[in-house]
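Student: Let me begin by handing over the structure; questions about it come next.
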Number of protein chains: 2
Amino acid sequence: MKAEIIAVGTEILLGQVVNTNATFLSEELADLGIEVYYHSVVGDNPTRLESLLKIADRRSDLVVLCGGLGPTTDDLTKDVVAAHVGQRLVEDSNGRKELEAFFTRAKREMTENNLRQVLVFKDGIALPNETGLAVGIFYQSPTTAFLLLPGPPSELRPMFLHHGKALLQEKFPQQEQLISRVLRFYGIGESKLVTQLAALIQKQTNPTIAPYAKPNEVTLRLTVKTDDEKSGQKLLDETEAKIKEEVGEYFYGYGEENSLEAVVVKLLQEKGCSVTAAESLTAGLFQGTLANVSGASEIFSGGFVTYAKEQKEKLLQIDPALLAENGVVSETCAKAMAQNARAIVGADYALSFTGVAGPNELEGQPAGTVWIGLASEKGVVAHLYHFTRDRSYVRHSAVMAGLDLLRRAVLAQ
Amino acid sequence: MKAEIIAVGTEILLGQVVNTNATFLSEELADLGIEVYYHSVVGDNPTRLESLLKIADRRSDLVVLCGGLGPTTDDLTKDVVAAHVGQRLVEDSNGRKELEAFFTRAKREMTENNLRQVLVFKDGIALPNETGLAVGIFYQSPTTAFLLLPGPPSELRPMFLHHGKALLQEKFPQQEQLISRVLRFYGIGESKLVTQLAALIQKQTNPTIAPYAKPNEVTLRLTVKTDDEKSGQKLLDETEAKIKEEVGEYFYGYGEENSLEAVVVKLLQEKGCSVTAAESLTAGLFQGTLANVSGASEIFSGGFVTYAKEQKEKLLQIDPALLAENGVVSETCAKAMAQNARAIVGADYALSFTGVAGPNELEGQPAGTVWIGLASEKGVVAHLYHFTRDRSYVRHSAVMAGLDLLRRAVLAQ
């Protein structure tokens, strides 16, 4: 079952609107076991839309179109697809009733062009629009199925979820379903991870293994095709075990929506431990990131932003002589920041961040030089990092490195 | 000049990643007077990519490809396009140097597959990657120009802005140029702004006015078609003046890449003033956001994260009786936090943030209830906000509101 998604709308080609409909529909179709092979976007132009339909008709079993169902003369998707498949347009009586009811409720006069929104194919199926006026259409030609949905996401999503999805399941029942599992890694680059797993990734066909790099993270998405859930999960378990044999030390959690901070907060909650921080170059981002996680208040009560040297002395009570001797971009400073923050706040763990965000160097040290300190009941350590790229990336990298240091310390406790 | 954009990446077809590269490039190409007629997305599959290239070659003068330049065997854009146009792949010596320098700096071992990232076409032009390792390529075949860019937006955007754009301008000079100006607004929703400007937006054809909503912000992009810069700028000035008559009180700055924090830091620098903060629900995000701006150290030395009540008492020396009586989600608490932070740090301005990030209520107050305090030599005020949506949005909204409060205070000083 090969599908493709065509979005119709000049505003997307001008860069004024992001094509999030394609993203939404892709995820939904994958869940139904329908594979999406292409996305396309074309403007409100009948000739170019027809040329895309010709191409789509040859290469796909299902073509989902979004946009161009509205009342204006720009909205031409229905007319062009109808002509392409040789269908006559007729009025949908339910849609007409809804349309009239809407204008009565709104106490507005209905202009003639609004009737265009309730036209459907003579032999098609009309899909009601719960949040708008333009009716959707499903039509099966001898070679290809077409699903026409409205452009605004607020109309497209409910129409697909409440009507389109069940219709596709009924028309294209799948023996096989797709089950995915996402493994998350920190501390290893995409290319190194892929090199270590090269043999596995290449010979592996079910599940497939797809690496994906985010800033400072790599995820592996395992996707299995299966006709029953249980054996699918078993295949995923086996592949996960093989992956962990190679790169398990970098694995920290599961799930597309999971995050390193969520894993850290959960760990601290489980162990009943608290954390504080003293941040220089990150200036609050570490603490702000921890508090992204709902329930962070159980493990975090507060901390310090000591951006300038004077505040390291004032708020953290660090001996000025010590900073004068060692500088602020130093192991000594990082250790003192972590120790003093831990003592003042009264937490089990304290992280400290001091270094050079850039673009300029500081104390003769290049941008990207960062010391991260970690104080606990076991004492204090500090690690030196050399992060790359721009200011924002250096700061983000430091936050991620701090989270991972803390995660490993709590796991080892 | 007909162009199209092809994004290569299975993750987009699975709905895991939104194709924001196409949006960015569409906007940029429109600025260059290059019309984008199609977007396509195809998976990491050589046969299907080649079939798209054949189609693109027939219908477009310029094909911009994004993604698939990385080090893994999945990354096949270069190989497929090279085969399509009959070019041999050779190593880019600058890219190779950067690659080696990167691994030396990062003190990591370079795996062999990384070299794939610096391969370019024998007769092509290499585009340096300032924020990553994969080199871009421009190549002009007898019929069609190809521009290959990396997939991660953090690499694609600088490569296009600093190298690709000038190259396209040189290769495809336009008689009529498009000049854009972006106006930025805070404190007014997109629909309200568009309603207030409806008449103007509708009758305006040169420049056109395109509204775009970001979280907590709206931008208006004015685009004028002109054959000389000066008269273009005059038209933009006139339209800007008309817009400001309607919604000028919400305007805070210019430019796609500008930000409210950058405007605030610049203002404080100009006035020679400093700021500190005491953050509860935002937990460091306000200070971390200020320090996004290079040069923030001139106006910000540090501050407090007082997430729990105990730290408001300990770090900010707020009277426990005052908090017991009024609660922490209160005007009194916000004022005390701002005043005490200002006094302890010794800054001209102090912001405070206390409230309910959610999802649960706090002290009987619903999620989204936020007090923001502002202390200065004029005294202290606090404002009550009711933000909506989820935890993350509430915290982001609070940071933006705090920045705008500070901006207005500094402007009025």
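Student: Residues that are closer than 21 Å to B:Thr143 by Cα, in contact (Cβ under 8 Å) with a residue 60 or more places away in the chain, open to solvent by less than 60 Å² (accessible area, probe 1.4 Å) and of a type in the set (Val, Ile, Thr): does region B:50-57 have at least one?
Tutor: Within region B:50-57, the subset closer than 21 Å to B:Thr143 by Cα is B:50-57.
Cutting the leftovers down to in contact (Cβ under 8 Å) with a residue 60 or more places away in the chain gives us B:56-57.
Those still in the list that are open to solvent by less than 60 Å² (accessible area, probe 1.4 Å) too: B:56-57.
With of a type in the set (Val, Ile, Thr) added as a condition, the list becomes none.
Within region B:50-57, not a single residue is closer than 21 Å to B:Thr143 by Cα, in contact (Cβ under 8 Å) with a residue 60 or more places away in the chain, open to solvent by less than 60 Å² (accessible area, probe 1.4 Å) and of a type in the set (Val, Ile, Thr).
Student: Continuing with the same structure: In the set B:Ala398, B:Ala375, which member is touching a residue at least 24 places away in the same chain (Cβ under 8 Å), surrounded by 21 or more Cβ atoms within 10 Å (Cβ to Cβ) and outside any strand (DSSP E or B)?
Tutor: Of B:Ala398, B:Ala375, the one residue that is touching a residue at least 24 places away in the same chain (Cβ under 8 Å), surrounded by 21 or more Cβ atoms within 10 Å (Cβ to Cβ) and outside any strand (DSSP E or B) is B:Ala398.
Student: Further question on the same structure: Would you please name the residue that is least open to solvent (accessible area, probe 1.4 Å), looking only at residues in region B:86-114 that are aliphatic (A, V, I, L, M) and within 19 Å of A:Ile188 (Cβ to Cβ)?
Tutor: The qualifying residue least open to solvent (accessible area, probe 1.4 Å) is B:Leu99.
Student: Also, quick follow-up: If you take the residues of region A:381-398 that are β-branched (Val, Ile, Thr) and out of contact with any strand residue (DSSP E or B) (no Cβ under 6 Å at 6 or more places or on another chain), which of them is farthest from the other protein chains (Cβ to nearest Cβ)? Break it down stepwise before answering.
Tutor: Restricting attention to region A:381-398, the residues satisfying the condition of being β-branched (Val, Ile, Thr) are A:381, A:388, A:394.
Checking the rest, the ones that are also out of contact with any strand residue (DSSP E or B) (no Cβ under 6 Å at 6 or more places or on another chain) come to A:388, A:394.
Details: A:Thr388: 6, A:Val394: 11 Å.
Here the answer is A:Val394.
Student: Moving on. What number of residues within region A:119-149 satisfy the criterion of being at pLDDT below 95 and closer than 19 Å to A:Ala101 by Cβ?
Tutor: Residues in region A:119-149 being at pLDDT below 95 and closer than 19 Å to A:Ala101 by Cβ: 6 in total.
Student: Please indicate, with yes or no, whether at least one residue in region A:33-54 is on the phi > 0 side of the Ramachandran plot and within 13 Å of chain B (Cβ to nearest Cβ).
Tutor: Yes, region A:33-54 contains a residue that is on the phi > 0 side of the Ramachandran plot and within 13 Å of chain B (Cβ to nearest Cβ).
This table checks each residue for (1) farther than 15 Å from A:Val182 by Cα; (2) touching a His at 6+ places or on another chain (Cβ under 9 Å); (3) among the hydrophobic types (A, V, I, L, M, F, W, C).
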| position | (1), (2), (3) |
| --- | --- |
| A:Leu220 | no, no, yes |
| A:Asp228 | yes, no, no |
| A:Leu235 | no, no, yes |
| A:Glu238 | no, no, no |
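Student: Mind checking which residues of region A:193-209 are touching a strand residue (DSSP E or B) at 6+ places or on another chain (Cβ under 9 Å), within 12 Å of chain B (Cβ to nearest Cβ) and open to solvent by 40 Å² or more (accessible area, probe 1.4 Å)?
Tutor: A:Thr208
Student: Could I ask something else about it? Within region A:292-322, which residues are at the interface with chain B (Cβ under 7 Å from one of its Cβ atoms), open to solvent by 10 Å² or more (accessible area, probe 1.4 Å) and under 24 Å from B:Val328 (Cβ atoms)?
Tutor: Just the residues of region A:292-322 that are at the interface with chain B (Cβ under 7 Å from one of its Cβ atoms), to begin with: A:292, A:294, A:297, A:300-308, A:310-311, A:315.
So of that shortlist, the ones also open to solvent by 10 Å² or more (accessible area, probe 1.4 Å) come out as A:292, A:294, A:297, A:301, A:307-308, A:310, A:315.
A:Asn292, A:Ser294, A:Ser297, A:Ser301, A:Leu315 - these are the residues of region A:292-322 that are at the interface with chain B (Cβ under 7 Å from one of its Cβ atoms), open to solvent by 10 Å² or more (accessible area, probe 1.4 Å) and under 24 Å from B:Val328 (Cβ atoms).
Student: OK, next. What single numbered condition from (1) open to solvent by 80 Å² or more (accessible area, probe 1.4 Å); (2) of a type outside the set (Ser, Thr, Tyr); (3) in contact (Cβ under 8 Å) with a residue 40 or more places away in the chain fails to hold for A:Leu119?
Tutor: Single failed check for A:Leu119: (1).
Student: Then there is this: Please count how many residues of region B:58-99 are within 18 Å of A:Val41 (Cα to Cα) and either touching a residue at least 24 places away in the same chain (Cβ under 8 Å) or among the aliphatic types (A, V, I, L, M) (or both).
Tutor: The first filter runs over region B:58-99 and keeps only residues within 18 Å of A:Val41 (Cα to Cα), leaving B:58-67.
With either touching a residue at least 24 places away in the same chain (Cβ under 8 Å) or among the aliphatic types (A, V, I, L, M) (or both) added as a condition, the list becomes B:59-67.
Residues meeting the conditions: 9.
Student: Name the helices (runs of 4 or more DSSP H) wholly inside region A:307-360 in which the number of residues that are under 38 Å from the mean Cα position of the chain (by Cα) and of a type in the set (Gly, Ala, Ser) is 1 or more.
Tutor: A:331-345
Student: Continuing with this model, one more query. Mind checking which residues of region B:11-32 are part of a loop (DSSP other than H, G, I, E, B) and at the interface with chain A (Cβ under 8 Å from one of its Cβ atoms)?
Tutor: B:Leu14, B:Gly15, B:Gln16, B:Val17, B:Val18, B:Asn19
Student: Let me ask you something else. Residues in region A:171-188: is at least one at pLDDT 90 or above and closer than 26 Å to A:Arg88 by Cβ?
Tutor: yes
Student: Next question, about the same structure. In contact (Cβ under 8 Å) with a residue 40 or more places away in the chain, surrounded by 19 or more Cβ atoms within 10 Å (Cβ to Cβ) and touching an Asp or Glu at 6+ places or on another chain (Cβ under 6 Å): which single residue out of A:Val135, A:Val182 fits that description?
Tutor: Details: A:Val182 fails: surrounded by 19 or more Cβ atoms within 10 Å (Cβ to Cβ).
The match here is A:Val135.
Student: If you go through region A:253-269 one residue at a time, do you hit one that is under 19 Å from A:Gly373 (Cα atoms), among the aromatic types (Phe, Trp, Tyr) and under 30 Å from the mean Cα position of the chain (by Cα)?
Tutor: So far as region A:253-269 goes, no, none of its residues is under 19 Å from A:Gly373 (Cα atoms), among the aromatic types (Phe, Trp, Tyr) and under 30 Å from the mean Cα position of the chain (by Cα).
Student: Here's a follow-up. State all residues of region B:223-257 that are open to solvent by 60 Å² or more (accessible area, probe 1.4 Å) and of a type in the set (Asp, Glu); if no residue qualifies, say none.
Tutor: Once the filter is applied, which keeps residues that are open to solvent by 60 Å² or more (accessible area, probe 1.4 Å) and of a type in the set (Asp, Glu), region B:223-257 yields B:Asp227, B:Asp228, B:Glu229, B:Asp237, B:Glu238, B:Glu245, B:Glu246, B:Glu249, B:Glu256, B:Glu257.
Student: Any chance you could count how many residues in region B:258-291 are modelled with pLDDT of 95 or more and either open to solvent by less than 10 Å² (accessible area, probe 1.4 Å) or among the polar types (S, T, N, Q) (or both)?
Tutor: Of the residues in region B:258-291, 22 are modelled with pLDDT of 95 or more and either open to solvent by less than 10 Å² (accessible area, probe 1.4 Å) or among the polar types (S, T, N, Q) (or both).
Student: Can you pull out the residues in region B:59-80 that are open to solvent by 40 Å² or more (accessible area, probe 1.4 Å) and facing another protein chain (nearest Cβ under 10 Å)? Explain how you work it out, then say what you get.
Tutor: Of region B:59-80, the ones open to solvent by 40 Å² or more (accessible area, probe 1.4 Å) are B:59, B:61, B:73-74, B:79.
Matches in region B:59-80: B:Arg59, B:Thr73, B:Asp74.
Student: Return the total of residues in region B:378-394 being open to solvent by 40 Å² or more (accessible area, probe 1.4 Å) and assigned to a loop (DSSP other than H, G, I, E, B).
Tutor: 4
Student: Can you list the strands (runs of 3 or more DSSP E) found entirely within region B:192-261 that contain at least 2 residues being closer than 30 Å to B:Ala296 by Cβ and of a type in the set (Ser, Thr, Tyr)?
Tutor: Details: elements: B:208-214, B:217-226, B:251-254.
Output list reads B:251-254.
The values are calculated or read from the model by the stated rules, or taken from the named source; none is laboratory data. Note that this is a predicted model, so its numbers are computed, not measured. For neighbour counting, all protein chains shown are included, and Cβ atoms are generated from backbone atoms with ideal geometry for every residue, glycine included. Each accessible area value is taken on the protein alone, full model and side chains, heavy atoms only, with ligands, DNA and RNA left out. Shrake-Rupley method; radii C 1.70, N 1.55, O 1.52, S 1.80 Å.
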